[in-house]
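Trainee: First the structure, then my questions, so here it is.
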Amino acid sequence: MPRSKIAGIGMYVPEKVVTNNELKQYMDTDDQWIQERTGIQERHYAHRTEETTTTMAVEAASIAIKRAGISAADIDFIVFATLSPDYYFPGCGVLLQRAMKMKEIGALDVRNQCSGFLYALSVADQFIKTGMYKNILVVGSEKHSFGLDFTTRGRNISVIFGDGAGAVVLQATENEQSGILSTHLHSDGESAEILAMYNPGTHANHWAEKNYAAFDEAEIGQMFMSHTMIDQAQNFPFMDGQSVFKKAVVKFPEVIMEALYKNGYNPSDINLLIPHQANLRISQFVQQKLKLRDDQVYNNIQHYGNTTAASVPIALCEAWQKGMIKEGDLVCLAAFGSGFTWASALLKW
Ligand code: ACO
């Protein structure tokens, strides 16, 4: 059975850097508050009109494809993870296929927020293991800056997120010494509303307050995106930060240990852990719990903020570019986020 390995990796962050102090022109916040609670110093924001989730993905994917030593025409399948798509539908996968002038290959969009990239990687891994595809482009990309509440009302969330993209070419290999050893996916929908963007959507909350029969079709149509929703900022993400924190610090170590046990390793065997860059405090908590040294964990949230589906491939790419990952290294990727969903992947580089 073929295994899959990362044959090429790329990342892209927009040129524009926004410091914590610069956010003060929009909201009542301060650098110290943000750094103490999240570790974030700055983040990148996409160009308002010229950059989208897809264009950033194209940049990252082009680098990954080049580093894999193949061309866009060699890609057999696309798995694209994002929570900030260019359009409500169709997904970004087909937009990437079009932009990169790829063949009429399959393109799948994954909606698993912070663990989106790991879910995407796992899907791609299964396609390669079955022998169906040889080269799969796996992408995580986000343009958060276009969908955040930049008033003081939204400050607990908007200061955390940044824009960017990361991509890998996952390739079939017969080499049993390298590649993805296993992936582990989980979910618990009980807390779906704790970290969520409710609107626009088809959920029935609106109906509870009013008599359904009183609406005519025109009014119902307008409820998908109403003025009230916008006035009440319901089209922005909601997060109960403390509940997210409490669950994340349990599920991160759990899913990392699951991957290690499955393959007969201990935390001390990890050469590099790349946790989803949710919050530096969460990463530090996980590091402490697993008794990992500083050089075993890579964090870059300080400079990019939380880029959701893009955070794991951006951090992985940056660590690799810095020479922190060598051939034969045991690398663990882990994520936790909205859903809740959480996941890990263990690989030999
Ligand atoms: N600047 C200044 N003050 C702020 C800001 C801000 N940006 N945001 C909130 N505050 C204020 C609040 O208004 C509140 O003021 P009050 O006490 O006068 O009412 C005070 O700070 C404390 O607010 P909390 O929301 O209780 O702040 P908390 O200490 O919980 O920190 C945070 C918020 C950083 C989000 C924290 O809950 C956390 O780390 N949660 C983990 C969730 C997370 O990291 N999510 C990332 C995205 S999800 C993911 O990737 C998994």
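Trainee: Counting just the residues of the range 174-195 that are open to solvent by 20 Å² or more (accessible area, probe 1.4 Å) and assigned to a strand (DSSP E or B), which one comes out nearest to PRO2 (Cα to Cα)?
Mentor: Of the range 174-195, the ones open to solvent by 20 Å² or more (accessible area, probe 1.4 Å) are 174-177, 181, 183, 185-195.
Remaining after also requiring assigned to a strand (DSSP E or B): 181, 183, 185-187, 195.
Details: LEU181: 12, THR183: 15, LEU185: 21, HIS186: 25, SER187: 28, LEU195: 37 Å.
Across the range 174-195, the extreme among qualifying residues is LEU181.
Trainee: With the structure loaded, tell me whether LEU316 is more than 16 Å from the ligand (Cβ to nearest atom), hydrophobic (A, V, I, L, M, F, W, C) and under 24 Å from GLY10 (Cβ atoms) or whether it fails that test. Walk me through it before giving the result.
Mentor: Details: more than 16 Å from the ligand (Cβ to nearest atom): yes; hydrophobic (A, V, I, L, M, F, W, C): yes; under 24 Å from GLY10 (Cβ atoms): yes.
Answer is yes for this residue.
Trainee: Which residues, taken from the range 105-129, are within 18 Å of GLU174 (Cα to Cα) and touching a Phe, Trp or Tyr at 6+ places or on another chain (Cβ under 6 Å)?
Mentor: Within the range 105-129, just PHE127 meets the criteria.
Trainee: Also, quick follow-up: Do you know which residues across the range 1-19 are surrounded by 14 or more Cβ atoms within 10 Å (Cβ to Cβ) and either within 16 Å of the ligand (Cβ to nearest atom) or basic (Lys, Arg) (or both)?
Mentor: Going through the range 1-19, the residues surrounded by 14 or more Cβ atoms within 10 Å (Cβ to Cβ) turn out to be 2-14, 16-18.
Within the range 1-19, ARG3, LYS5, LYS16, VAL18 meet the criteria.
Trainee: For the range 321-340, name all the residues that are within 16 Å of the ligand (Cβ to nearest atom) and either of a type in the set (A, V, I, L, M) or out of contact with any Phe, Trp or Tyr (no Cβ under 7 Å at 6 or more places or on another chain) (or both).
Mentor: So the first thing to find is which residues in the range 321-340 are within 16 Å of the ligand (Cβ to nearest atom), and the list is 333-340.
Selection gives LEU333, ALA334, ALA335, GLY337, SER338, GLY339, PHE340.
Trainee: Could you check, for the range 79-93, whether at least one of its residues is within 25 Å of LEU181 (Cβ to Cβ), surrounded by fewer than 22 Cβ atoms within 10 Å (Cβ to Cβ) and assigned by TED's automatic domain parsing to the domain that holds TYR45? Steps first, please.
Mentor: We begin by selecting, within the range 79-93, every residue within 25 Å of LEU181 (Cβ to Cβ); these are 79-81.
Pick out the ones that are also surrounded by fewer than 22 Cβ atoms within 10 Å (Cβ to Cβ) and you get none.
No: the range 79-93 contains no residue that is within 25 Å of LEU181 (Cβ to Cβ), surrounded by fewer than 22 Cβ atoms within 10 Å (Cβ to Cβ) and assigned by TED's automatic domain parsing to the domain that holds TYR45.
Trainee: Looking only at the range 249-263, decide whether some residue is of a type in the set (Gly, Ala, Ser) and within 16 Å of the ligand (Cβ to nearest atom). Give the steps one after another, and end with the answer.
Mentor: To start, the set of residues in the range 249-263 that are of a type in the set (Gly, Ala, Ser) comprises 259.
Filter once more, keeping what is within 16 Å of the ligand (Cβ to nearest atom): none.
No, the range 249-263 has no match at all.
For (1) under 21 Å from LYS143 (Cα atoms); (2) touching a Leu at 6+ places or on another chain (Cβ under 7 Å); (3) assigned to a helix (DSSP H, G or I), each residue gets a yes or a no:
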{"residue": "ALA310", "(1), (2), (3)": "yes, no, yes"}
{"residue": "ALA315", "(1), (2), (3)": "yes, no, yes"}
{"residue": "TRP320", "(1), (2), (3)": "no, no, yes"}
{"residue": "GLY323", "(1), (2), (3)": "no, no, no"}
{"residue": "GLU327", "(1), (2), (3)": "no, no, no"}
{"residue": "LEU333", "(1), (2), (3)": "no, yes, no"}
{"residue": "PHE336", "(1), (2), (3)": "yes, no, no"}
{"residue": "SER344", "(1), (2), (3)": "no, yes, no"}
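Trainee: Any residue at all in the range 257-272 that's open to solvent by 60 Å² or more (accessible area, probe 1.4 Å), assigned to a helix (DSSP H, G or I) and within 26 Å of ASP163 (Cβ to Cβ)?
Mentor: No: zero hits.
Trainee: Please find, within the range 20-48, the residue that is nearest to the ligand (Cβ to nearest atom) out of those that are crowded, with 18+ Cβ neighbours inside 10 Å and more than 14 Å from GLN302 (Cα to Cα).
Mentor: LEU23
Trainee: Let me ask something else. Go through the range 17-58 and give me each residue that's touching a strand residue (DSSP E or B) at 6+ places or on another chain (Cβ under 6 Å) and over 30 Å from ILE136 (Cα atoms).
Mentor: Correct list: VAL17, VAL18, THR19, GLU42.
Trainee: Does the range 239-250 contain any residue that is open to solvent by less than 10 Å² (accessible area, probe 1.4 Å) and more than 21 Å from VAL159 (Cα to Cα)? Give the derivation first.
Mentor: Of the range 239-250, the ones open to solvent by less than 10 Å² (accessible area, probe 1.4 Å) are 248.
Next, only the ones that are more than 21 Å from VAL159 (Cα to Cα) stay: none.
Looking for residues that are open to solvent by less than 10 Å² (accessible area, probe 1.4 Å) and more than 21 Å from VAL159 (Cα to Cα), one finds none in the range 239-250, hence no.
The values are calculated or read from the model by the stated rules, or taken from the named source; none is laboratory data. Please read these numbers as outputs of a predicted model, since none were measured by experiment. All Cβ positions, even for glycine, are placed from backbone atoms using ideal geometry, and neighbour counts span all protein chains on display. The accessibility values were calculated without ligands, DNA or RNA, using every heavy atom of the protein model including side chains. Shrake-Rupley method; radii C 1.70, N 1.55, O 1.52, S 1.80 Å.
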